[in-house]
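Working notes for the structure below.
The values are calculated or read from the model by the stated rules, or taken from the named source; none is laboratory data. Model, not experiment: these values are computed from the prediction. Cβ: placed from backbone, ideal geometry, glycine included. Neighbour counts: every protein chain shown. Just so you know, the surface numbers come from the protein's heavy atoms only, side chains and all, with ligands and any DNA or RNA stripped out. Shrake-Rupley method; radii C 1.70, N 1.55, O 1.52, S 1.80 Å.
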Amino acid sequence: QVQLVESGGGLVQPGGSLRLSCAASGMIFSINAMGWYRQAPGKQRELVAAITSGGSTNYADSVKGRFTISRDNAEKTANLQMDSLKPEDTAVYYCQTTLRTAWYSSLRDYWGQGTQVTVAS
């Protein structure tokens, strides 16, 4: 079994900052990509940022220059530093990872339970 536990969501004023953390645990052989997605009410889930095991990153255009994703391969964690937050960043944020549970297994996607981020004055 694989678990992704997220933390760090909450209420923040526009222009403020939050840091989301995601920790993977359980039967994990290797982790490929780790990322953060978000889903606002009435909208589809969208990619916010992703990072490969080698450190290559990918960001949604709407968060470039404001959000920074990082990971610690040894600790199996990924963080999302969110600065200059805007009301339109309000959403449930989900951690996602693609990993193998054994050397012979195929890559599979796993998701966290989600954490609410609300940007309001």
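For the reader, a short list of remarks on this structure follows.
- Set side by side, the residues SER30, SER17, SER62, SER56 differ, and just one is modelled with pLDDT under 95 and hydroxyl-bearing (Ser, Thr, Tyr), which is SER30.
- Residue that is nearest to THR101 (Cα to Cα), among those in the stretch 42-53 that are over 12 Å from the mean Cα position of the chain (by Cα) and open to solvent by less than 70 Å² (accessible area, probe 1.4 Å): SER53
- Filtered residue count, the stretch 22-39, keeping only those that are over 16 Å from ARG100 (Cα atoms) and either among the basic types (Lys, Arg) or over 15 Å from the mean Cα position of the chain (by Cα) (or both): 1
- Those residues of the stretch 91-107 which are surrounded by fewer than 12 Cβ atoms within 10 Å (Cβ to Cβ) and either in contact (Cβ under 8 Å) with a residue 60 or more places away in the chain or touching a Phe, Trp or Tyr at 6+ places or on another chain (Cβ under 8 Å) (or both), in sequence order: ALA102, TRP103
- Filter result for ILE69 (open to solvent by 20 Å² or more (accessible area, probe 1.4 Å), touching a Leu at 6+ places or on another chain (Cβ under 6 Å) and assigned to a strand (DSSP E or B)): no
- Matching entry among LEU85, LEU47 (being under 20 Å from GLN13 (Cβ atoms) and modelled with pLDDT of 95 or more): LEU85
- Candidates are the residues of the stretch 83-121 that are of a type in the set (A, V, I, L, M) and either assigned to a loop (DSSP other than H, G, I, E, B) or out of contact with any Asp or Glu (no Cβ under 7 Å at 6 or more places or on another chain) (or both); the one that is nearest to LEU4 (Cα to Cα) is LEU99.
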